[in-house]
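No value in this document is a laboratory result; all are computed from the given coordinates. Remember, it's a predicted structure, so these values are computed and weren't measured experimentally. Ideal geometry is used to build each Cβ from the backbone, glycine not excepted, and the neighbour counts take in all protein chains shown.
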Amino acid sequence: MTEPHIYPRDESGRRVGWIEVVCGSMFSGKTEELIRRLRRAKIARQRVEIFKPALDNRYTGDAVVSHDENAIPSQVVHAVEQILLLSSEADVVGIDEAQFFGLEILPVCDQLAREGKRVIIAGLDQDYLGNPFEPVPQLMAIAEHVTKLHAVCVRCGAPANHSQRIVTSGDRVLVGEKDAYEPRCRQCFEPEPSVEPEKKEKTERVEA
Ligand SMILES: [Zn+2]
């Protein structure tokens, strides 16, 4: 595991902060892993704050909910600056669905870590075309620890690195549309199996 198990402190006894990224395709268990780490921190009586973007409104407004309904309370934020304001007392800051934040999440995570906090941020690292999906690749670069999780390919059973879109849409994200995807490995992944011509033009504009 790349999750750190040591909690170093500086000369004044203050905890040294860092960034952990949990990434992977859909159905790879990112939220479950985020929750597992946060629960362990809570058991150690560390002060934990959990955030998710307002864009992700699939479930309740105040809980990070994994697909096995293993929920823990969280705060919905509309702007990344809210994370800084709301986590001033936290030892550990969890952030879910990182792909719905822009690149402005990068300096926020950096500042939190510099303040001595453990930052754990989970998100999709590729879009439905298999392209790196900012800001997660950039977060991976500045993080101390990166964990890449895999789902299981529905076609062949190999570790699945891709989120295969199985409905026609040129939108980069389909919020709350779990049924629109299935996990596929590199060999079985088909980036654009049935995108209609006019949708394809839209996709190219989104990607441009
Ligand atoms: Zn496969």
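Modelled spin labels at residue 82 and residue 9, positioned 7 Å past Cα toward Cβ, are 3.4 nm from each other.
Rounded to 0.05, the FRET efficiency of the residue 55 and residue 110 pair, given R0 = 30 Å and the Cβ-Cβ distance, is 0.85.
Expressed in nm to one decimal, what extension gain is obtained for the pair residue 158 and residue 192 from 0.36 nm per residue of sequence separation less their Cα-Cα distance? Before the final figure, lay out each step's value.
Working: separation 34, 0.36 × 34 = 12.24 nm, distance 2.05 nm.
Length gained, residue 158 through residue 192: 10.2 nm.
Remark: the Cα gyration tensor places the stretch 18-150 in the rounded category, a/c being less than 1.5. Full extension of the chain between residue 44 and residue 177 yields a length gain of 44.3 nm, computed as 0.36 nm times the residue separation minus the alpha carbon distance.
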